[in-house]
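Engineer: Structure below; questions to follow.
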Amino acid sequence: MSSQDVITYKPAKLIFIKDEKKNKLFEDENLHHVLKFLRKGAMTIHDLSDAFKQIEEEKSDKSIYRYLHKLIQAKLVAKAGKRITTKNESDLISETLYMRTSNAFILKIPLAKKEKEDFHSPIFDSMFLLLKQQYGNKKIGKKEFKKFFDKIDQERDQYIIDLYEKADEETMKKLEEMEGKNILFALDYASWIAILLKYDLKAELEKIYSS
């Protein structure tokens, strides 16, 4: 008996999950297990059943299909192709292969405009007041301060994508061991370092506080 996987789907390298309902799917233990198992590559329902058994959690094919259906609806998993198993010349078995839609998912819920204003305003005000002790005790420049950090914040998503896409094999494996908020935490800090290398923050702040 021999088998061959025919894969017709290519996953993305990185996807930002910005929908709150999708974010909550990562909190479901069974769905989280399925996504973790699929990191290894395309799998059939039978493969996933075996993977659950290895962690001593036996699941029926019906349950696994239900998990996959939820993940497919959320576009976190896709049908990737077929596994063709040959028993003899006249006896072929075809099974559906499933795959993650991305090698890595980053969980990030954007705030609505009003929420963002309510959330950011006191933070920017506090940052401005704290830093003015260092760069000049002036009340002017608050608008320029917020504008500059808004610009940085907008650039960071692209920096995160660039950092991930340029990662070597060893780094990629390490990142793929994490998921969701953990991978965002690592890339978040790395993106801030990249921003610091791009801008002369000391010069930018001195310019803002002297405006």
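The values are calculated or read from the model by the stated rules, or taken from the named source; none is laboratory data. Keep in mind it's a predicted model, so treat the numbers as computed, not measured. Note: ideal-geometry Cβ built from the backbone for every residue, glycine included; neighbour counts use all protein chains shown.
Quick grid of which residues meet (1) in a helix (DSSP H, G or I); (2) in contact (Cβ under 8 Å) with a residue 40 or more places away in the chain; (3) over 29 Å from L187 (Cα atoms):
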{"site": "H46", "(1), (2), (3)": "yes, yes, yes"}
{"site": "F52", "(1), (2), (3)": "yes, no, yes"}
{"site": "S63", "(1), (2), (3)": "yes, no, yes"}
{"site": "R66", "(1), (2), (3)": "yes, no, yes"}
{"site": "G81", "(1), (2), (3)": "no, yes, yes"}
{"site": "T96", "(1), (2), (3)": "no, yes, yes"}
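Engineer: Considering only the stretch 68-78, state which residues are assigned to a helix (DSSP H, G or I) and of a type outside the set (V, I, T).
Structural biologist: Of all residues in the stretch 68-78, those assigned to a helix (DSSP H, G or I) come to 68-73.
Correct list: L68, H69, K70, L71, Q73.
Per-residue answers, yes or no, for (1) modelled with pLDDT under 95; (2) out of contact with any Pro (no Cβ under 8 Å at 6 or more places or on another chain):
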{"residue": "E57", "(1), (2)": "yes, yes"}
{"residue": "K62", "(1), (2)": "no, yes"}
{"residue": "A74", "(1), (2)": "no, yes"}
{"residue": "K82", "(1), (2)": "no, yes"}
{"residue": "E89", "(1), (2)": "yes, yes"}
{"residue": "T101", "(1), (2)": "no, no"}
{"residue": "I109", "(1), (2)": "yes, yes"}
{"residue": "E115", "(1), (2)": "yes, yes"}
{"residue": "L129", "(1), (2)": "yes, yes"}
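Engineer: Within the set of pairs 6+ apart or on separate chains, which have a first residue in the stretch 153-177 that is without any contact (Cβ under 8 Å) to a residue 40 or more places away in the chain and surrounded by 10 or more Cβ atoms within 10 Å (Cβ to Cβ), a second that is assigned to a helix (DSSP H, G or I) and not aliphatic (A, V, I, L, M), and C-beta atoms under 6 Å apart?
Structural biologist: Every condition considered, the pairs that remain are R156/S191; Y159/S191.
Engineer: Can you tell me which residue among K40, K18 is within 20 Å of M172 (Cβ to Cβ), exposed (fewer than 15 other Cβ atoms within 10 Å of the Cβ) and within 20 Å of the chain's Cα centre (by Cα)? Walk me through it before giving the result.
Structural biologist: On the way: K18 fails: within 20 Å of M172 (Cβ to Cβ).
Residue meeting the stated conditions: K40.
Engineer: Would you point out which residue out of L92, L71, L97 is buried (at least 20 other Cβ atoms within 10 Å of the Cβ) and over 30 Å from Y159 (Cα atoms)?
Structural biologist: Numbers: L92 fails: buried (at least 20 other Cβ atoms within 10 Å of the Cβ); L71 fails: over 30 Å from Y159 (Cα atoms).
None of the other options fit; the residue is L97.
Engineer: Has the stretch 12-23 got at least one residue that is of a type in the set (D, E), free of Cβ contacts under 8 Å to residues at least 12 places away in the same chain and not assigned by TED's automatic domain parsing to the domain that holds Y164?
Structural biologist: As a first pass, look at the stretch 12-23 and keep what is of a type in the set (D, E): 19-20.
Subsequent filtering for residues that are free of Cβ contacts under 8 Å to residues at least 12 places away in the same chain retains none.
Looking for residues that are of a type in the set (D, E), free of Cβ contacts under 8 Å to residues at least 12 places away in the same chain and not assigned by TED's automatic domain parsing to the domain that holds Y164, one finds none in the stretch 12-23, hence no.
Engineer: Filter the stretch 1-36 down to residues that are basic (K, R), more than 18 Å from F185 (Cα to Cα) and assigned to a loop (DSSP other than H, G, I, E, B), then give me how many there are.
Structural biologist: Pass one, the stretch 1-36, residues basic (K, R): 10, 13, 18, 21-22, 24, 36.
Those still in the list that are more than 18 Å from F185 (Cα to Cα) too: 10, 21-22, 36.
Now narrow it down to the ones that are assigned to a loop (DSSP other than H, G, I, E, B): 10.
Within the stretch 1-36, residues that are basic (K, R), more than 18 Å from F185 (Cα to Cα) and assigned to a loop (DSSP other than H, G, I, E, B) number 1.
Engineer: Select, from K79, K59, K87, the only residue that is in the same structural domain as I7 (by TED's automatic domain parsing), more than 19 Å from T8 (Cα to Cα) and surrounded by 14 or more Cβ atoms within 10 Å (Cβ to Cβ). Lay out the reasoning, then the answer.
Structural biologist: Values: K79 fails: more than 19 Å from T8 (Cα to Cα); K87 fails: surrounded by 14 or more Cβ atoms within 10 Å (Cβ to Cβ).
Selected residue: K59, the only one of K79, K59, K87 that is in the same structural domain as I7 (by TED's automatic domain parsing), more than 19 Å from T8 (Cα to Cα) and surrounded by 14 or more Cβ atoms within 10 Å (Cβ to Cβ).
Engineer: Does the stretch 149-162 contain at least one residue that is at pLDDT 75 or above, of a type in the set (D, E), farther than 25 Å from I15 by Cα and more than 14 Å from the chain's Cα centre (by Cα)?
Structural biologist: no
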